[in-house]
Amino acid sequence: MKSQEARNTFLEFFKEKSHKIVPSAPMVIKDDPTLMFTNAGMNQFKEFFLGNSVPKSKRATDTQKCLRVSGKHNDLEEVGKDTYHHTMFEMLGNWSFGDYFKKEAISWAWELLTEVYKIDKESLYVSVFEGSKDADNLGMDTEALELWKAIVPEDRIIYGNKKDNFWEMGDQGPCGPCSEIHVDIRSKEEKAKVSGASLVNQDHPQVVEIWNLVFMQYNRKADGSLESLPAKHVDTGMGFERLCMVLQGVKSNYDTDVFTPIIREIETITNSEYGKDEETDIAIRVIADHIRAVSFSIADGQLPSNTGAGYVIRRILRRAIRYGFTFLDTKEPFMYRLVQVLSRTMGQAFPELKEQHQLIENVVKEEEHSFLKTLDQGLVLLDSVLANAKGKLIDGRKAFELYDTYGFPIDLTSLILGERGFQLDEKGFEVAMQEQKSRSRSASEVSKEDWTILMNDPEQEFVGYDRLEANVKLVKYRKVTSKKEGEQYQLVFNMTPFYPEGGGQVGDKGYLETSNGNVIYILDTKKENNEILHFSKNLPDDVTEIFKAVVDQNQRQRTAANHTATHLLHQALREVLGSHVEQKGSAVHSKYLRFDFSHFAKVTSDELRDVEDFVNARIDGRIPLEEHRSVPMEEALKQGAMALFGEKYGDAVRTVRFGKSIELCGGTHVKNTADIWHFKIRSEGAVASGIRRIEAITSDAVKDFYFENNRTLHEIKDLLNNAPDPKKAVETLQEENNALKKQVEALLKDKAKNVKGDLLNELSEVNGIQFLTKKVDLDAASIKDLSFEMGANKTNLFLLFATEQDGKALLSCYISKELVASKKLNAGTIVRELGKFIQGGGGGQPFFATAGGKSPAGIPEALEKAKEYLQ
Ligand code: ATP
Ligand code: MG
């Protein structure tokens with residue numbers, strides 16, 4: 001069965017059983033501080049399991065894009081080495097939110113696998129939670145056991161421990177026992193020799209888990225104890241690629257039609273062959289896997305970067321590049337060439353790949369380019385580390401520095417060290433790594449107390465679109481402690497005017513007023529699992545009374561002006577630059593706005609002016625806000641509303657319209673564009689290949705900006721002795737400056753000419769080589785010119801000049817090309833070795849190379865040593 005059919009069969013099977021087919025949530029998570037990437041199908045349903053909201057349908061099914069490269073689930077190091085773990089994979093799932101439980105989940109899973117997919121019953125094993133003797137002291141999951149016994153012979157049932165068969169959402173929250181289904185795809189002969197049951201959960205590549213059925217029946221509290229959940233849920237996850245492996249009768253996920261087209265392409269591009277040699281195979285699997293993870297992330301709007309989720313993506317891509325670099329000898333960008341075949345094979349199920357294909361290609365190519373450059377620089381740095389090494393063991397901290405600061409991969413470092421007869425102090429590296437990890441861990445660690453619940457009211461009303469004040473009651477609160485913020489309270493109200501951070505817009509600030517006039521400041525507002533959390537430093541004395549909740553009006557109004565301006569800017573860019581412009585991210589603060597968008601060239605200053613004019617014309621046009629709170633998604637799209645890929649939308653959406661600008665948006669906006677007052681672009685630049693960023697300001701910030709500019713202009717005028725035309729005066733200064741520069745250059749050239757005559761007289765001769773090693777008082781460019789001029793009519797010249805500038809030393813070596821050939825001399829190697837004496841490094845070409853270093857004191861020794869090369 002082809003993969004496409006396998007996927008559809010799953011969804012259709014559960015649709016028949018009254019499940020609603022829902023789309024995959026984005027793989028990159030934007031609004032959950034506890035998770036960077038979706039790592040299981042259940043993530044997008046967390047709010048239902050926690051009871052924070054009520055789902056439209058009590059049964060759902062989907063295929064979810066997952067990424068397991070960080071946090072609790074991290075399979076990165078396995079990927080490529082084995083044949084059944086991926087970074088990015090699809091998880092097929094069926095869900096019951098307080099509806100059916102173990103009986104249906106178990107019998108449907110069995111029916112689908114054996115009757116629909118027709119997997120041989122004899123090859124399947126199931127596991128059941130055996131109970132635990134620890135603090136939880138849980139009994140065996142006899143309910144599941146009895147259900148399984150009715151279906152499979154007892155020798156196919158495995159009893160699993162807490163690690164394998166008890167699932168928890170996190171330190172706190174819903175949890176429960178699970179039943180896994182494993183499949184044994186070994187040959188008949190192998191099965192006869194060793195029983196499949198003994199290989200379950202033993203990391204055997206052909207006895208693997210394909211499906212996990214989780215039965216949520218408990219809630220884990222902050223003190224570690226368990227309580228029964230009022231509503232029980234089912235959460236299942238089946239690995240799609242593993243399923244395809246079984247259905248296609250192959251022994252590896254990479255031999256299924258999900259991967260073979262990509263692998264064929266890798267073979268062609270890198271001129272390699274899959275299936276001949278283990279090292280090559282691993283590299284090919286790593287690349288085939290990682291291009292998926294990276295492409296899907298970019299399609300979800302997550303570009304590689306230096307922090308957070310972006311950094312994780314960058315590291316995945318770099319891991320693939322260096323496997324190619326080391327084992328497939330790829331020295332040029334090549335991964336971007338795989339995007340096409342990926343979008344062909346998966347574009348139907350995930351249209352975002354097709355639509356963003358060009359952008360993904362550009363971004364990947366650019367990343368490859370810059371990383372290959374980093375690799376080159378890293379090699380030079382590594383050279384200098386080796387040159388300064390005292391013994392054969394290389395300091396692990398140095399290797400860590402290379403890794404941490406320059407992104408130079410540790411396994412590559414250790415490979416190169418091995419090749420050159422050095423060894424890496426692995427312990428030292430590990431220690432440095434651990435130190436950094438615990439530094440960042442303790443900075444991000446948050447401990448949360450249990451909620452104190454005052455009212456049972458799951459639905460909170462958000463009234464912040466209409467009002468900045470409301471009388472509210474506390475539903476629940478808890479204390480959270482983190483290194484960064486210290487102790488804080490999270491408050492949840494039955495109703496709130498506070499906008500929670502989301503859609504690029506910052507969360508509201510403000511205060512609560514108690515009946516006796518006390519004020520509790522609300523420092524920030526965020527959404528987590530569909531709950532609006534208000535952060536404060538303290539609690540009101542009486543938590544049960546009614547409070548007046550008041551949003552900081554100033555901040556809200558400036559933020560709203562910036563948010564509306566962001567929509568107008570989006571519209572303007574599509575108008576001025578073209579409809580290929582798509583929003584790639586935004587940040588709406590009270591002080592400024594930032595807008596990232598796809599566009600493949602610098603935006604010219606004329607275009608920027610047109611964009612500004614366009615937006616300001618709409619501000620002057622006094623266009624009123626037209627808002628629809630609850631429009632069916634399809635209807636909104638039909639009206640031409642702009643939607644973003646990688647955003648999670650519900651069935652009903654809110655549309656925000658200002659004239660012809662219409663967007664799906666949950667943010668807060670001005671009532672009329674005139675409230676923005678004025679729009680001014682402050683900067684335009686590149687964020688990544690094909691992605692531009694504009695930063696802009698509105699309303700009060702524009703006034704401040706003009707005021708500042710005016711002041712600066714006055715100061716400049718003062719400096720120019722109150723010249724009546726400051727522009728003219730600066731131009732005159734520039735002209736004078738240029739003329740002076742030219743004069744200085746000419747004088748320096750003259751000086752060099754004289755020097756050249758003197759130096760030619762100083763040449764000595766050894767073994768038929770004319771040579772000179774000397775410290776001179778010239779800059780680098782003059783030394784280079786001088787060297788080439790001196791060598792112009794010679795075939796046997798060797799020059800080594802040293803100079804000292806700003807406390808730094810520079811060596812410069814010139815060798816006639818004929819000498820390079822006949823005597824096997826190489827200026828690059830020579831300066832690299834002499835660089836040691838000045839505590840630095842360098843390189844260049846065989847006939848001309850330079851080295852820089854921080855120790856001029858070593859110059860005499862370097863000059864002396866240079867002569868040895870002539871012997
Ligand atoms: P394993 O022990 O094989 O790593 P798991 O216990 O981590 O699996 P679950 O978290 O239960 O797996 O996920 C549900 C299903 O998703 C698994 O049964 C498996 O088929 C699939 N799966 C899990 N991790 C991966 C991965 N890294 N790549 C591909 N499929 C995976
Ligand atoms: Mg796992």
Once the dipole of the chain is set up from charges on Cβ (+1 Lys and Arg, -1 Asp and Glu), the residue from the list MET140, GLY93, GLY858 lying farthest towards its positive end is GLY858
Across 10 Å bins from 0, what is the distribution of all Cα-Cα pair distances for segment 195-324, in whole percents? 10, 26, 29, 23, 9, 2
With the radius of gyration and the Kirkwood radius both derived from the Cα set of segment 747-870, what is their ratio Rg to Rh? 0.94
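In segment 1-156, what percent of the accessible surface is made up of carbon and sulfur (1.4 Å probe, ligands and nucleic acids excluded)? Please report the intermediate quantities before stating the final value.
Values: 3310 of 6700 Å².
Here carbon and sulfur together make up 49 percent of the probe-accessible area.
Answer rounded, prolate or oblate for segment 259-371, using the Cα gyration tensor with square roots of eigenvalues a ≥ b ≥ c: rounded when a/c is under 1.5, else prolate when a/b is larger than b/c, else oblate.
On the way: a/c = 1.93, a/b = 1.27, b/c = 1.52.
The shape class here is oblate.
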Kirkwood Rh, Cα atoms: Rg over Rh of segment 648-790: 1.32
222 nm mean residue ellipticity, helices alone, for the chain (DSSP H n ≥ 4; -39,500 (n - 2.57); rounded to 500): -12000 deg cm²/dmol
Calculated SAXS-style log₁₀ I(q)/I(0) at q = 0.10, 0.13, 0.22 Å⁻¹ - segment 465-585, Debye, Cα scatterers: -0.38, -0.58, -1.25
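Only loop residues by DSSP count here, and only those with at most 12 other Cβ atoms within 10 Å; note down the GluC sites (Glu not before Pro) in segment 1-104 that meet that. Before the final figure, lay out the partial values.
Values: sites: GLU5, GLU12, GLU16, GLU47, GLU77, GLU78, GLU90, GLU104; in loops: GLU77, GLU78.
Answer by residue number: GLU77.
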If unit charges are put on Cβ atoms (+1 for Lys and Arg, -1 for Asp and Glu) and the dipole of the chain is taken about its Cα centre, the option from ILE263, THR525, ASN710 lying farthest towards the positive end turns out to be ASN710
Go through LYS824/LYS854; LYS56/LYS638; LYS749/LYS794; LYS584/LYS703; LYS794/LYS823; LYS509/LYS537 and tell me which ones have a Cα-Cα distance over 19 Å in this structure. LYS824/LYS854; LYS56/LYS638; LYS749/LYS794; LYS584/LYS703
Long-range share for segment 330-448, i.e. C-alpha pairs more than 21 Å apart as a percent of all pairs, stands at 56 percent
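Select from segment 47-125 those trypsin sites (Lys or Arg not before Pro) which occupy a DSSP coil region and have at most 15 other Cβ atoms within 10 Å, ordered by residue number.
Values: sites: LYS56, LYS58, ARG59, LYS65, ARG68, LYS72, LYS81, LYS102, LYS103, LYS118, LYS121; in loops: LYS56, LYS58, ARG68, LYS72, LYS81, LYS118.
Hits after loop and neighbour filter: LYS56, LYS72, LYS81, LYS118.
Note the full-extension length gain between LYS17 and ALA674 as 0.36 nm times their separation in residues minus their Cα-Cα distance, in nm to one decimal. Could the numbers behind the result be given before it?
Details: separation 657, 0.36 × 657 = 236.52 nm, distance 5.34 nm.
Additional length available on full extension: 231.2 nm.
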Longer than 23 Å from Cα to Cα, which of LYS20/LYS163; LYS20/LYS46; LYS65/LYS526 are they? Say none if no pair is. LYS20/LYS163; LYS65/LYS526
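When the Kirkwood hydrodynamic radius is evaluated over all pairs of different C-alpha atoms of segment 33-156, what value in angstrom, to one decimal, is obtained? Numbers along the way, then the final one.
Numbers: mean 1/r = 0.0576 Å⁻¹.
Its Kirkwood hydrodynamic radius stands at 17.4 Å.
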Which one, ALA299, VAL286, LEU372, projects farthest toward the positive side of the charge dipole computed for segment 281-387 from Cβ point charges (K/R +1, D/E -1)? VAL286
Give the cross-link partners of LYS392 among the lysines, using a straight C-alpha distance below 17 Å as the criterion and excluding same-chain residues fewer than 8 apart. LYS427, LYS836
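List the pairs from LYS390/LYS867; LYS118/LYS191; LYS398/LYS774; LYS2/LYS365; LYS548/LYS671; LYS15/LYS648 whose alpha-carbon separation is above 27 Å, in the order I gave them. It would help to have the intermediate numbers written out before the result.
Values: LYS390/LYS867 24 Å; LYS118/LYS191 19 Å; LYS398/LYS774 33 Å; LYS2/LYS365 31 Å; LYS548/LYS671 24 Å; LYS15/LYS648 22 Å.
From LYS390/LYS867; LYS118/LYS191; LYS398/LYS774; LYS2/LYS365; LYS548/LYS671; LYS15/LYS648, over 27 Å: LYS398/LYS774; LYS2/LYS365.
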From largest to smallest, what semi-axes in whole angstrom does segment 3-250 give when each is the square root of 5 times an eigenvalue of its alpha carbon gyration tensor? 26, 22, 19
For the chain, the longest principal axis of the Cα atoms and the Cα long axis of helix 410-419 enclose an angle in degrees, to the nearest 10, of 50 degrees
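About the Cα centre of the chain, how large is the charge dipole given +1 on each Lys and Arg Cβ and -1 on each Asp and Glu Cβ? Please answer in debye to the nearest 20. Each step should come with its number before you reach the end.
Working: 114 positive and 133 negative charges, 281 e Å.
Dipole magnitude for the chain comes out near 1340 debye.
What shape does segment 108-267 take by its C-alpha gyration tensor, where a ≥ b ≥ c are the square roots of the eigenvalues and a/c under 1.5 counts as rounded, a/b above b/c as prolate, and the rest as oblate? Spell out each step's value before the answer.
Working: a/c = 2.16, a/b = 1.63, b/c = 1.33.
Judged from the Cα gyration tensor, segment 108-267 comes out prolate (a/c at least 1.5, a/b above b/c).
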Computed over the chain, the distribution of all Cα-Cα distances in 10 Å bins, rounded to whole %, is 2, 10, 16, 19, 19, 15, 10, 6, 3, 1, 0
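Out of segment 392-460, which GluC sites (Glu not before Pro) are coil in DSSP terms and have no more than 14 other C-beta atoms within 10 Å? Present the calculation step by step, with values, prior to reporting the outcome.
Values: sites: GLU401, GLU419, GLU426, GLU430, GLU435, GLU445, GLU449, GLU459; in loops: GLU445, GLU449, GLU459.
Counting only loop positions with at most 14 other Cβ atoms within 10 Å, the GluC sites (Glu not before Pro) in segment 392-460 are GLU445, GLU459.
From the alpha carbon gyration tensor of segment 556-706, can you work out the equivalent ellipsoid semi-axes (sqrt of 5 times each eigenvalue) and give them in Å, largest to smallest? Spell out each step's value before the answer.
Values: eigenvalues 104, 74, 36 Å².
They are 23, 19, 13 Å, listed largest first.
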With all protein chains present, segment 740-871 has a carbon and sulfur share of its accessible area (1.4 Å probe) in percent of 49 percent
Rolling a 1.4 Å sphere over the protein heavy atoms, what is the accessible area per residue of the chain, to the nearest Å²? 48 Å²
Please give every one of the aspartates and glutamates within straight-line cross-link reach of LYS373, meaning a C-alpha to C-alpha distance under 19 Å, and leave out same-chain neighbours fewer than 8 residues apart. ASP329, GLU332, GLU361, ASP383, GLU401, ASP404, ASP411
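Please report, in cubic angstrom per residue, the volume enclosed by the convex hull of the alpha-carbon atoms of segment 494-535.
Working: hull volume 3.0 nm³, N = 42.
So the per-residue Cα hull volume is 70 Å³.
Averaging over all projection directions, find the projected area of the Cα convex hull of segment 382-498 and quote it in nm² with one decimal place. Numbers along the way, then the final one.
Numbers: hull surface 47.9 nm².
Seen from a random direction, the Cα hull of segment 382-498 projects 12.0 nm² on average.
The values are calculated or read from the model by the stated rules, or taken from the named source; none is laboratory data. Everything quoted here is computed from the prediction, not taken from an experiment. Counting neighbours? That spans all protein chains shown, and the Cβs are built from the backbone with ideal geometry, glycine included. What goes into the accessible areas is simple: the full protein's heavy atoms, side chains included, and nothing from ligands, DNA or RNA. Shrake-Rupley method; radii C 1.70, N 1.55, O 1.52, S 1.80 Å.
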